[in-house]
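Structure first, commentary second.
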Amino acid sequence: GSVCQTVFQADQFIDSSNIAALMLVNNWYSTEPSSLLKRTSSIIKKRPQSIAKEKAVGKIVIQCLGVKMKEEMNYVPHDMQEAIEATLAKRFYQTEWQSGYLTQLGGNTETPKYCYFVLKGADLIAYDQDEPSYKIPLSRATRLICENRIMSERPAYQYPLLKPDTLIHELESIQQDNGRPISLTNRFQLLFGEQQIQFSCESVDELNKWVTLLTVMLTTLPKLPDWIHIWFIAYKST
């Protein structure tokens with residue numbers, strides 16, 4: 001039978017791996033008198049048995065992670081590490097890494113187009129009057145060029161060299177560090193095979209942030225497992 005039990009709030013572990021120290025308690029331990037007392041209890045009027053008070057009998061340290069999975073999937077992660085990496089990959093694709101106004105030339109526009117862009121996960125999303133209009137998927141980009149220099153190039157065989165936690169840490173470090181100027185101009189180009197899209201930033205500082213983030217993402221994108229639940233908004237791609 002059971003020796004002890006514990007209670008905890010499961011929602012505190014959703015999408016976040018936490019380690020908790022929990023108290024183990026027992027409130028059904030025996031309160032019956034010993035056999036010696038039983039032999040002499042015949043001359044004592046029996047009293048109603050009192051309910052045992054909850055008693056702490058130990059402590060347990062657990063690591064928990066709540067992951068919302070797709071209903072149609074029957075797959076279960078093999079271990080905690082696999083579940084954690086999937087959750088971090090989900091976090092990467094749901095994070096807005098950079099945003100600002102850019103002037104786009106190429107792709108779905110033959111003339112310079114000035115609009116607001118958000119780099120969410122691995123998608124460069126263009127907005128039109130506060131509504132998402134179309135996206136430019138970085139997973140299809142093959143090369144990043146700035147001042148005629150190749151800043152980053154996708155390997156022939158895409159392979160995530162960095163684990164999601166390492167990639168997220170690197171990207172967050174870039175967001176907190178202005179770094180050194182990359183270019184004297186404020187333009188960069190993304191190549192998609194034979195197609196090129198040029199972007200102009202409002203300042204060299206803005207260019208520095210965009211190019212540094214894109215340089216990392218172009219070579220390494222975490223794999224998002226098909227069993228984990230994540231919300232995506234559909235946009236037309238350019």
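The values are calculated or read from the model by the stated rules, or taken from the named source; none is laboratory data. The structure displayed is predicted, hence computed values, not measured ones. Please note: Cβ atoms are built from the backbone with ideal geometry, for glycine as well, and neighbour counts cover all protein chains shown.
Below, the figures for the structure above:
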{"read-out": "Residue match in segment 216-236 (condition: in a loop (DSSP other than H, G, I, E, B), charged (D, E, K, R) and either modelled with pLDDT under 85 or in contact with a Ser or Thr (Cβ under 9 Å, 6 or more places away or on another chain) (or both))", "value": "yes"}
{"read-out": "Filter result (assigned to a loop (DSSP other than H, G, I, E, B) and farther than 20 Å from L102 by Cα) within segment 143-159", "value": "R154, P155, A156, Y157, Q158, Y159"}
{"read-out": "Some residue of segment 94-108 being assigned to a helix (DSSP H, G or I) and over 23 Å from I174 (Cβ atoms)", "value": "no"}
{"read-out": "Meets criteria (within 19 Å of the chain's Cα centre (by Cα), surrounded by fewer than 15 Cβ atoms within 10 Å (Cβ to Cβ) and either under 18 Å from T212 (Cα atoms) or not aliphatic (A, V, I, L, M) (or both)) for E96", "value": "yes"}
{"read-out": "Any hit, segment 54-63, residues being at pLDDT below 85 and within 24 Å of the chain's Cα centre (by Cα)", "value": "yes"}
{"read-out": "Near pairs, Cβ below 9 angstrom, 6+ apart or cross-chain, from segment 91-119 (outside the structural domain of Q196 (by TED's automatic domain parsing)) to any residue that is modelled with pLDDT under 95 and aliphatic (A, V, I, L, M)", "value": "none"}
